[in-house]
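Before any comments, here is the structure.
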Amino acid sequence: MQEPTTPPAGERRIRVLIAKPGMDGHDRGAKIVARALRDAGMEVVYTGLRQTAEMIVNAAVQEDVDAIGVSVLSGAHMHYFRDIMALLRERGADDILVFGGGIIPDQDLPALAELGVGQVFTPGASTEDAATYLRREVQARWAAQG
């Protein structure tokens, strides 16, 4: 097992919330991603199973996260992402990066991008790719904020 890395002194750590919406009880992939991001030096909050969009957004705002990773295997990804993105806008928290993972058909990726969802990692994707993506996107957002 890899030891978690810590950023250099004074460097801000990326905070990520990993969420499992709906009735899908399969969270192995979400836990693997959460652990990999933690091992990559990020602070990770895992919400647990059966979260509503409201619960996910509330946790993200309360935890002051930089990103939300949503794992969906049930086929209800469009519903959950649409609700999460709308609630983030309503809460004035649409600066939080939202990315996804799970069983999401390629034909749905353009619609998710239109909603504002970032990269979607499907089965077989590398956890290292997810960590690299988050570092790049979150640090770009930090730089843009000044």
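Where a number appears in this text, it was derived from the coordinates with a stated rule and is not lab data. Quick caveat, the model's predicted, so the values are computed rather than measured. Cβ placement follows ideal geometry from the backbone for every residue including glycine, while neighbour counts extend to all protein chains displayed.
Things to note:
- Given their separation in residues at 0.36 nm each and the Cα-Cα distance between them, Lys31 and Ala125 gain 32.4 nm when the chain is fully extended.
- Positive contributions from Lys and Arg (+1) and negative ones from Asp and Glu (-1), summed over other residues with Cβ under 10 Å from the Cβ of Met42, come out at +1.
- When the Cα positions of Val57, Ile68, Tyr46 are compared along the charge dipole of the chain, Tyr46 comes out farthest toward the positive end, with charges on each C-beta of Lys, Arg, Asp and Glu.
- Cleavage-rule hits (chymotrypsin sites (Phe, Trp or Tyr not before Pro)) in the range 76-146: DSSP loop, at most 13 neighbouring Cβ within 10 angstrom: none
- Here the sum of -39500 (n - 2.57) over DSSP H runs of 4 or more residues, divided by the residues of the chain, equals -13500 deg cm²/dmol at 222 nm, to the nearest 500.
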